[in-house]
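Report on the structure given below.
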Amino acid sequence: MMSKAQKLRAKRKAQLGRPRKADAERFACGKIKPEWSRRENEKEAMAVALAARKRMHGLETGSAFAGYTLGRLFLDGRITETQRQAGDDYAAVMTRYYHLTGIPFPSVRAQVIGRVKGHAGETSEARHRQARKAADTMMRLEGVLLRCEEGRQVKTTVFNVCVMDYEGLRMMPEPQLLWLKRGLNALLFDKGLREHGERDYSFIQE
């Protein structure tokens, strides 16, 4: 049985805060080195993220592809590597379009609501050219998707997966997955034509 003095010492020790980190790298004065603290914080954050990823998505991987719906579809084996790349390229084009034209990004998950705003009314000629080029690229890719069989459904599905990043679409039914693949294949084919200097934008639908 503990004496009154021992109980008092135990109570004071419990009030001192968290235990001393025995394995920490320290300066001679006893202060923890910032580099060690930063590495430990990164490890802790990564562990929390991986635990949440496993709990929410059933994925035990540190791959960056597990962080968004299109990447998770790739990890699930439902789309190919080239199709994922086509979707990533499409998302990059759309992001650049929204950024340069000053239109708020449409996905709430990707923005801080209080900071949503367009660019200033006065723009430089260079920025205007960039914005016009981004808009032309965006409209051309929309045309590529709309020219697919069942084009409206294809365009909407590709946009919702690649740009809006709707998690529920990870479990989309096979007919909708076919629309996604059809759109990604069309984007991939279009990219190949442009890289080889072609101007014929007819392509295989499937």
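Per residue, what accessible area does the stretch 120-165 have, given a 1.4 Å probe and all protein chains present, in Å²?
Working: 2650 Å² over 46 residues.
Per residue, the stretch 120-165 has 58 Å² of solvent-accessible surface.
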Could you work out how much longer the chain between Met139 and Asp23 gets when fully extended? Use 0.36 nm per residue separation minus the Cα distance between them, nm to one decimal. 36.1 nm
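The values are calculated or read from the model by the stated rules, or taken from the named source; none is laboratory data. Please read these numbers as outputs of a predicted model, since none were measured by experiment. Ligands, DNA and RNA are stripped out before the accessible areas are found, and what is left, the full protein with its side chains, is counted by its heavy atoms. Shrake-Rupley method; radii C 1.70, N 1.55, O 1.52, S 1.80 Å.
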